[in-house]
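Here's the structure we're looking at; comments come further down.
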Amino acid sequence: MMVPATAVAGGIILGMANGAIAASFDVSGQTFKVGASRLVGEGFEQYGGMAKEKNGTIHPVAVSEIADAKLYDLCQSVNASVPGLKIVLTINAGGGGKPATAKGLLIDMDSLEGDATFTNIQIGRDATDLNEHAQPKSFGQSADKVVIKDLRQVARSTSAGTFTLNGLKLKVNVGDKAKECFPDPK
């Protein structure tokens, strides 16, 4: 009896690692910022979705799936300030020409800015052709490759089958040193 259960669990983990199955979890309700000098992605898909908090609050999001991504000069920041004290957690990685990498990257985002180039893009696809769990008849787009320079993204969640942070530096910044990766989008 253990063999079938192990095979199913292994298949789910393999599917998540390959980006075929999205990891499902409740979001915190707080956004975070991700910046990079350049993102290079193979196997790009994007469609609308919903991120749900544990209390049931729903946030409309743009869902981006990237099969294989490289992020150069990655910066992630979370504003964790409390009344009277500014606190920002930052993570930096992917500098010095050795990018952070992700396989099966799945992002629920509120906004995205940068200079983007898409290769073999298809705009206006039915989102369920990209992900069977997407809303039927909703808008989707896909491309063989995406390159985004000066990436600035505000996200609610990120998951990946594998996420390698080369040169990882995590720091809790307090007071005047508590700066996010970039200012709030306008």
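The values are calculated or read from the model by the stated rules, or taken from the named source; none is laboratory data. The structure presented is a predicted model; accordingly, all values stated were derived computationally and were not measured. Counting neighbours? That spans all protein chains shown, and the Cβs are built from the backbone with ideal geometry, glycine included. In case anyone asks, the SASA skips ligands and DNA or RNA and just uses the protein heavy atoms, side chains included. Shrake-Rupley method; radii C 1.70, N 1.55, O 1.52, S 1.80 Å.
Values as computed for the structure displayed
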| read-out | value |
| --- | --- |
| Some residue of the range 172-186 being closer than 23 Å to A69 by Cα, small (G, A, S) and crowded, with 18+ Cβ neighbours inside 10 Å | no |
| Tabulated pairs, the range 123-149, first modelled with pLDDT of 90 or more, second hydroxyl-bearing (S, T, Y) and open to solvent by 70 Å² or more (accessible area, probe 1.4 Å), C-beta under 6 angstrom, 6+ apart or interchain | V147/T117 |
| Residue that is farthest from the chain's Cα centre (by Cα) [pool: residues in the range 69-93 that are open to solvent by 70 Å² or more (accessible area, probe 1.4 Å) and under 29 Å from E42 (Cα atoms)] | D73 |
| Residue list for the range 94-149, restricted to those being closer than 20 Å to D73 by Cβ, open to solvent by less than 20 Å² (accessible area, probe 1.4 Å) and touching a Ser or Thr at 6+ places or on another chain (Cβ under 6 Å) | I107 |
| S64 vs. criteria within 16 Å of V27 (Cβ to Cβ), free of Cβ contacts under 8 Å to residues at least 60 places away in the same chain and open to solvent by less than 50 Å² (accessible area, probe 1.4 Å) | yes |
